[in-house]
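Input: a single structure, listed below in structure tokens.
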2 protein chains.
Amino acid sequence: MEETFVPLRGIKNDLKGRLLCYKQDWIGGLRAGIRILAPTTYIFFASAIPVISFGEQLERNTDGTLTAVQTLASTSLCGVIHSIFGGQPLLILGVAEPTVLMYTFMFNFAKDRKDLGQKLFLAWTGWVCVWTALLLFLLAILGACSLINRFTRVAGELFGLLIAMLFMQQAIRGAVEEFGIPQRENANETALSQSWRFGNGMFALVLSFGLLLTALRSRKARSWRYGAGWLRGFIADYGVPLMVLVWTGVSYIPVNDVPRGIPRRLVSPNPWSAGAYSNWTVIKDMMNVPILYIIGAFIPATMIAVLYYFDHSVASQLSQQKEFNLKKPSSYHYDLLLLGFLVILCGLIGIPPSNGVIPQSPMHTKSLATLKHQLLRNKLSSTAKESIKKNANLSQLYQSMKEAYNEMQTPLVFQTPPALGLRELKDSTIQQASTSGYMDAPVDESVFDVDKDIDDLLPMEVKEQRLSNLLQSLLSGACVAAMPLLKKIPTSVLWGYFAFMAIESLPGNQFWERILLLFTAPSRRYKVLEEYHATFVETVPFKTIAIFTLFQTVYLLLCFGLTWIPIAGVLFPLLIMLLVPVRQYALPKFFKGAHLTDLDAAEYEEAPAITYNLSFEDQGTHGRSPNIDSAEVLDEIITRSRGEIRHAHSPKITSSTLSPHEEMRSVYSPRLSQMASPRLTEVRTERSTRSSGKGFEIKQTPSPRPSPLGKSSHSSSSSTT
Amino acid sequence: MEETFVPLRGIKNDLKGRLLCYKQDWIGGLRAGIRILAPTTYIFFASAIPVISFGEQLERNTDGTLTAVQTLASTSLCGVIHSIFGGQPLLILGVAEPTVLMYTFMFNFAKDRKDLGQKLFLAWTGWVCVWTALLLFLLAILGACSLINRFTRVAGELFGLLIAMLFMQQAIRGAVEEFGIPQRENANETALSQSWRFGNGMFALVLSFGLLLTALRSRKARSWRYGAGWLRGFIADYGVPLMVLVWTGVSYIPVNDVPRGIPRRLVSPNPWSAGAYSNWTVIKDMMNVPILYIIGAFIPATMIAVLYYFDHSVASQLSQQKEFNLKKPSSYHYDLLLLGFLVILCGLIGIPPSNGVIPQSPMHTKSLATLKHQLLRNKLSSTAKESIKKNANLSQLYQSMKEAYNEMQTPLVFQTPPALGLRELKDSTIQQASTSGYMDAPVDESVFDVDKDIDDLLPMEVKEQRLSNLLQSLLSGACVAAMPLLKKIPTSVLWGYFAFMAIESLPGNQFWERILLLFTAPSRRYKVLEEYHATFVETVPFKTIAIFTLFQTVYLLLCFGLTWIPIAGVLFPLLIMLLVPVRQYALPKFFKGAHLTDLDAAEYEEAPAITYNLSFEDQGTHGRSPNIDSAEVLDEIITRSRGEIRHAHSPKITSSTLSPHEEMRSVYSPRLSQMASPRLTEVRTERSTRSSGKGFEIKQTPSPRPSPLGKSSHSSSSSTT
């Protein structure tokens, strides 16, 4: 993205690009038919459970002023509007943890003011939202989104780890509170006697750890050894909602032996019960807020604006990673503008606003890539089979497949990137075939195995449309109506879910991986090299890694400490944004440029004004090459990019890890550079298998005999380990 | 072992062999000095915790007649006597689960008889023990132990899995009982009110699962990535007692909030409190048992005799596996005779008898191998360093090391096997060196790296002595005195420990692995081939494996069902022994010989009378080659052999997996055949790394640049994965 700050230019460009494909966004979605429901439900569950959890967290933090009803309503409302009027429909909106934290700070401030109090709290947040929206408008109009390339890993990953710490804190606090007497409850109830509270607390521990451990396990279901493939895939995709269901079921097992209220469950009024409407009419109270507080609302508003600017843009960016080969343009500025309107809307009806969420947004793109792959595969496979029946030779086969592929292409009016994938691979395969003399012979299984080779040919493509986003938002809205059902979820299950979210966010965060590296026994560091690892592990001296990580850890603890300070805590986003100039101006004085580049690559250090396309080209060289067929690998893409800014690798790194030949290819062919990438960033050192003990070698020799389990033992992808 | 049934010949041979090295057994132990305490404490903890658990199980099953005091006393008493007067001092004795089960059956029988009842129960078991002992004498004198080669995997592994099921049953039953009102308790206590019982039950779940999960984790500490090597080793070796300690500590956290009795803890009288002596004077009551019951005692006695004959011999066999390169002779017959005396002794003082236990016995040998390795290594290392200082050439170096090695050898009077290891490796290394022209040059680091190459030279040897067994038995005795401390262990921790024992016993059990194979998705079966796997996976058709496993499963469920039948359950050992003739005469009619050989090799099918040495030679070819330095590998030896009979591989298999050249070596050099073994039974199929998705290959290429983390990345043994 160009760093130009001509007012409105960013918004204009975004609108121009998106309007051209707006109609196709809907037609494409509808054409996908019933299959669109798979990504829809997948994202719905991934989005709804945290939103419900944040609702429960807000309920406690705001003494019941805001509950899961409001968080769900906001998620649904903003989602519907964004999916219809938004720029980038891959972006998923929802109420997120930073919002909860800011609302908690604001509630703690407001409740103790005589002239504000709990009564006028929502009206005051209405003003905060108005200010926030104005700031967001300003940022959008001035083109601030083109700055996001300046956010390096160091800030993004620190933010990610801070959120993980806050999740874990909530999980622990929630579990401990299960042993105590909740506020606003009648302490004379049977369920609150000392003995039952002990039982309730212990039961909560069982449910929390049960959910945490089974959810963590289910995420890895795809690489399980037992059960059919579809079942493993289903568990991996829907394991977490499934586990919420299972542990909610478990919580009903002792129902005959325990008094009502054990275990404690989600607290929320039904949206249709009396009194639940209060917040929908907040706008009426807004003029009752004292003028000083209206002006003072500007302070939290700047913080929220900074947060949303950061979070919304990064979520959008992650859902449009180069690996996904998106065809339709981005829309950072216009989406930020729309977010401003959404914030006002939410403020006026007294619900917490939503913004772009991680990891749901990249998960959304991923699930749509799987969808597109299935559609493409079916079409090409039938074409190829037909050609083979007609005794076509290889070039005829590719010709007919090319035609079928082009038919499937989104008919876009505006400039399209060259149809990637099919072409290059066709060329290279044909070249191979011609040297082997297969060129003119009719194609048979040995030359082209339809089932396997089509997967090799298919490029990563995403079914870019608006329908799945709209549908999942509507489902979130339906959750509000299903409140009586949701209220059956024990709170302890949600605490387990918070711990799960914290742990799930860690892999792929290089900051976290560096912390682990510090604790790794020196004799075991080779194990890090054996796995996928970042460049710095090989290029930066251990001591430098340690110092850099310690600096970041101290900074993280400062941020975490700040959130504990009652009212000043509201300033924590400032401390995170401060890292951007610190990184740009202070850190280069303490670390060698090359080391800093490997630890935390920043594009501005390489070329001050990188054009949109080139910057994405660079990104392509470090991304893991997508392999749609193996959903395990796709899982990794999502995992590794969560909470990170993926602008990490710069041309300089590329040159240090690529051979000149490979580098050439990476410049001229994004497709090929992707193919080469696993060898770049994820070098595996082949271990010398010399056993240190008894003087023999265990060699990894191929099986001396054909295996009775057949081909499968040889056709696995090494990336599934 | 020869199958001869000349009365007393077996006992005579055993005694002759062991008497020759008896004095050395003590001197060797004392010479090891303070280091002997490492294997001693290791085995003590591994032995004491299950014995305490079985005590708690007995306490419940016998309404408090027998407790942990009695099981510990029996373990200690039998252990001390065996370590002094026994034949094979590597064998560890203890009260085991089958004994608990038999005593439970007998108690349930006795308590309902009017003329027996709980009062005369122990007196009656005294008679059972007398009969059992007589039968054991008979078996020992008639040379029955030479028959153990007929026990194939099929019986041993079924027995192992049955025990695992019983453990798991006890774990679940125990945890469920935590929610109920225990027998013999005053139901009006606060701790037994409905609310506290609920809390107690939930707390018990937390403690049980806490122990189970952390104990399972700690067992794998050696391959952890974090923490110093010694710490990881310590946690792997002592993690389980450590976790018992930790969770006992956790159980005291809510002590101020809960009434006494929550959580429930180990029930046992202190051995010095009044009434606890009752069982020591059982002999006085024995004449009060009605004559009919004295005769009837013969029925459970046969079952116990069969059990002990089986269990004791197999435990002894596992502690003397060929991999350990033992120098001193075995003593099956004499040890069975001594066991008879121990059974009488225990019966007369009213405590349950002990017998040889798995996996503690092979664990004992393993820990002594580590000890011997340390001693040898220190000696040779200093010799080598001295030689290098004197600018010795390679053959001088080996000469001096050879001399030092011989000094360390046990000076045995009787025929010794040739000093293995050092010789062959010296020869081959010298040959290599002479071809490279290094022969006469002074040795330097590049030719002989003292720290590494000594490990390669050292053969597996075991510090065979009696001291560690004696000391660990005395420690078990000290536990009786520490009863007030042991009573702080919550019962729920013990239930978790039962579950741990069940799960820990599964890996390496081929029956279990075949059950898992049946549930493995066909597309994932290649993963089994990638890991260490038994021969049958490659040679036997899947359908045959499935039928064989189903047969075994049905048989297992029959055995398990039998243990549920109130009194007839006592016959379950018969059903297991029945498998021996079923395997020998019935199964060959349903399965092809070659398949049966691979699924469950039996030596008698190859050569009816195999001589002692030859049979062990065969065993050597299938064992994993020992690698003392990598304790992870040694762990595997123990794990894989637990509950199994290691006579599985026969010469026939060897010839089908060895090349003729390798077979030659295996016949003429046991040392070399060991070296070859990893390639035989544990073939790894190198996966074709062709990625199925996008047409590129991720190759396991060596790192293109030297790694900053240094050598360590190349020196790992592939067997640690």
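The values are calculated or read from the model by the stated rules, or taken from the named source; none is laboratory data. What you are looking at is a predicted structure, and each value in this text was computed from that prediction instead of being measured. Counting neighbours? That spans all protein chains shown, and the Cβs are built from the backbone with ideal geometry, glycine included. The accessibility values were calculated without ligands, DNA or RNA, using every heavy atom of the protein model including side chains. Shrake-Rupley method; radii C 1.70, N 1.55, O 1.52, S 1.80 Å.
Observations on the structure shown:
- Around the Cα centre of the stretch B:108-249, unit charges on the Cβ atoms of Lys, Arg, Asp and Glu (plus for the first two, minus for the last two) sum to a dipole of about 460 debye.
- Excluding ligands, DNA and RNA, the accessible surface per residue across the stretch A:115-241 is 38 Å² with a 1.4 Å probe.
- Accessible area of the stretch B:475-599 belonging to carbon and sulfur atoms, whole % at 1.4 Å probe: 77 percent
- Using θ = phi - 60° in the Karplus curve 6.51 cos²θ - 1.76 cosθ + 1.60, the 3J(HN,Hα) couplings for the stretch A:198-213 round to 4, x, 4, x, 5, 4, 4, 4, 4, 5, 4, 5, x, 4, 4, 5 Hz; x is entered for Gly and Pro.
- Of the residues A:C145, A:V51, A:C21, the one whose Cα sits farthest toward the positive end of the charge dipole of the stretch A:5-155, with +1 on the Cβ of Lys and Arg and -1 on the Cβ of Asp and Glu, is A:C21.
- Based on Cα contacts under 8 Å between residues 6+ apart, the stretch A:181-254 shows a relative contact order of 26 percent.
- Among A:346-359, A:471-484, the order from most to least packed when residues are scored by Cβ within 10 Å on average: A:346-359, A:471-484
- Cα centroid separation - the stretch A:463-541 against the stretch A:278-322, whole Å: 26 Å
- Site pair A:F85 and A:R217 shows an inter-label distance of 4.7 nm when each label is modelled 7 Å from Cα along Cα→Cβ.
- Relative contact order computed over the stretch A:1-131 (Cα-Cα under 8 Å; 6+ residues apart), in percent: 18 percent
- In nanometres and ascending order, the distances from the B:N288 label point to those of the other copies are 8.7 (point 7 Å from Cα along Cα→Cβ).
- Across the copies of the chain, B:W564 has label points (7 Å from Cα along Cα→Cβ) spaced 5.5 nm apart, shortest distance listed first.
- Solvent exposure of the stretch A:1-44 as accessible area per residue, Å², 1.4 Å probe: 58 Å²
- Once both labels are positioned 7 Å from their Cα atoms along Cα-to-Cβ, the gap between B:L574 and B:K390 label points is 7.1 nm.
- On the basis of the beta-carbon distance and an R0 of 45 Å, B:S382 and B:K487 show a calculated FRET efficiency of 0.40.
- In the stretch A:484-524, the residues that give up 50 Å² or more of accessible area when the other protein chains are added, compared with the chain on its own (1.4 Å probe), are A:R524.
- Rounded D (µm²/s) - the stretch B:186-288, Kirkwood Rh over Cα pairs, Stokes-Einstein at 4 °C, 1.567 mPa s: 76 µm²/s
- Accessible area buried at the B-A interface, both sides summed, 1.4 Å probe (Å², nearest 100): 8500 Å²
- Across the copies of the chain, B:Q183 has label points (7 Å from Cα along Cα→Cβ) spaced 5.2 nm apart, shortest distance listed first.
- Split the accessible area of the stretch A:221-286 by element, probe 1.4 Å, and carbon with sulfur accounts for 68%.
- Occluded residues from the stretch A:201-227, i.e. those whose accessible area drops by 40 Å² or more once the chain is not alone (1.4 Å probe): A:M202, A:V206, A:R225, A:Y226
- With both labels modelled 7 Å from their Cα along Cα-to-Cβ, the A:Q374 to A:I547 distance reads 5.3 nm.
- In a fully extended conformation the segment linking A:I172 and A:W280 would gain 35.6 nm over its present Cα-Cα distance, using 0.36 nm per residue.
- Ligands, DNA and RNA left out, the 1.4 Å accessible surface of the stretch B:1-150 is 68% carbon and sulfur atoms.
- Taking the stretch A:142-300 and dividing mean pair separation by its residue count, relative contact order in percent (alpha carbons under 8 Å, at least six apart): 17 percent
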